[in-house]
Structure formats: structure tokens, C-alpha cells
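The values are calculated or read from the model by the stated rules, or taken from the named source; none is laboratory data. All values reported here derive from a predicted model rather than from experimental measurement. With ideal geometry, Cβ positions are generated from the backbone for all residues, glycine too; neighbour counts draw on all protein chains shown.
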Amino acid sequence: MKRAVFPGSFDPFTIGHYDIVCRGLKLFDEIIIGVGCNIKKNSLYTVNQRVEQIQRVFSHEPRVKVATYDNLTIDFASEQKAGFILRGARSSTDFEYERNLADINRCLSGIETVIICSTPQYSMVSSSMVRELLHYGKDISEFLPK
Ligand code: ADP
């Protein structure tokens, strides 16, 4: 059983995140989406709202589970008995950041990170952009999963 955690803030969960999970399901038997409770980040949605949104998106996909965590990603991954961390990268800047995180996490725990490059049409989609559009009352439906 190949199990991965997909950790993030998901404030909110975008079509870019959705695409990474769907593509990750071709590599892993099970993906646990970990919604991080980061008190340092000012969030738009509560952790519970984010969990509900993601559960609704994957209600017909039993291989995707949703959990919250407030510890280190590597500790969350081992609690979930996951051998892999799944992440996405939209740009070379994202990639450098993700590679650094992946190196630290592998050094500390031996857990491998799999970084999936975004599908080109979603590479400009970010939760922060969606939050800003929402703030100005714009329609954000095309940036969210159905
Ligand atoms: P974090 O605060 O941990 O970066 P995010 O919710 O912003 O959490 O992102 C979680 C993961 O999803 C990160 O690996 C990020 O690079 C990736 N990601 C975010 N948006 C996209 C996208 N449009 N396409 C592919 N990956 C994405």
C-alpha cells in the first residue's frame, strides 16, 4: 500500500491542488490531505471549513482522506503511516523552495517527497490570488474544483 500525505494550507483548496491530488492518485494507493493549522498565517477559512470543502470535493473518492495537523509535516506523515509527501510546484521559484523542504524532510526522517509540476493552465492559480479576488467580490468559480 503506497500512502502519501499532501500537506498544505488550502485556504482555499484550488483547482491547482485538486489537479495535483488527481494526478497523485496515479502514483499512490491512498492520499491523505493534511490541512495545516498554522497560527502564524492569517486564514480566510477556518480549518473545519477547509476540511469540509475538501471532503465534499472528494466525497466519491474513497482513496482520498482529509486530516488536520499542527505538528511537523514529517511527524504528521509518520502518524498517518505514509511513506511519501506529495507537493506541487508551479514555477522554478516554487521548485527551489519545495526541493529545500524535501531535502530537510528526507534528512530528518528518510521520507521521500514527490513533487508534481503543475498543469500549465493552473500554474497561475494560488490560494492567495483566489482570496484577493474574493475580497474584491470577483467570481472565483473557475479557480476552484467543481
Ligand atoms: P503551503 O502553505 O504549505 O505552501 P498551499 O496550500 O499554498 O500550502 O500549497 C500546498 C501545495 O500545493 C504546495 O506544494 C504548493 O506548491 C502546491 N500548489 C499550490 N497551488 C498549486 C497549483 N496551482 N498547481 C500545482 N501545485 C500547487
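Being of a type in the set (Lys, Arg), under 14 Å from HIS17 (Cα atoms) and either outside any helix (DSSP H, G or I) or near the ligand (Cβ under 9 Å from one of its atoms) (or both): is that true of LYS138 here? In short, no. On the given criteria, is SER78 surrounded by fewer than 20 Cβ atoms within 10 Å (Cβ to Cβ) and part of a loop (DSSP other than H, G, I, E, B)? When the stated conditions are applied, SER78 does not pass them. Residues considered: ILE32, ILE85, ILE74. Of these, the only one that is farther than 23 Å from GLU142 by Cα, more than 13 Å from the ligand (Cβ to nearest atom), touching a strand residue (DSSP E or B) at 6+ places or on another chain (Cβ under 7 Å) and among the β-branched types (Val, Ile, Thr) is ILE32. Mind telling me which of the residues ARG23, ARG50, ARG99 ends up being in a helix (DSSP H, G or I), buried (at least 18 other Cβ atoms within 10 Å of the Cβ), at negative phi and within 12 Å of the ligand (Cβ to nearest atom)? Testing whether each residue is in a helix (DSSP H, G or I), buried (at least 18 other Cβ atoms within 10 Å of the Cβ), at negative phi and within 12 Å of the ligand (Cβ to nearest atom) leaves just ARG50.
When SER92, SER128, SER109, SER141 are checked against the criterion of being touching a helix residue (DSSP H, G or I) at 6+ places or on another chain (Cβ under 8 Å) and not aliphatic (A, V, I, L, M), SER109 stands alone in meeting it.
Filtered by the rule that a residue be charged (D, E, K, R) and either free of Cβ contacts under 8 Å to residues at least 24 places away in the same chain or closer than 18 Å to ALA102 by Cα (or both), region 3-36 gives ARG3, LYS26.
Per the conditions (1) part of a strand (DSSP E or B); (2) within 15 Å of the ligand (Cβ to nearest atom); (3) surrounded by fewer than 18 Cβ atoms within 10 Å (Cβ to Cβ), the sole criterion not satisfied by ALA4 is (3). For region 55-68, check the following and say yes or no: at least one residue is at pLDDT 95 or above, within 14 Å of ASP19 (Cβ to Cβ) and assigned to a helix (DSSP H, G or I). Looking through region 55-68, at least one residue is at pLDDT 95 or above, within 14 Å of ASP19 (Cβ to Cβ) and assigned to a helix (DSSP H, G or I).
Taken together, the criteria place LYS146 among residues that are exposed (fewer than 12 other Cβ atoms within 10 Å of the Cβ) and at pLDDT below 95.
No other residue among ILE39, ILE104, ILE111 is farther than 19 Å from PRO145 by Cβ, more than 12 Å from the ligand (Cβ to nearest atom) and at pLDDT below 95 apart from ILE39. The listed residues are SER92, SER123, and the only one of them that is within 11 Å of the ligand (Cβ to nearest atom) and surrounded by fewer than 17 Cβ atoms within 10 Å (Cβ to Cβ) turns out to be SER123.
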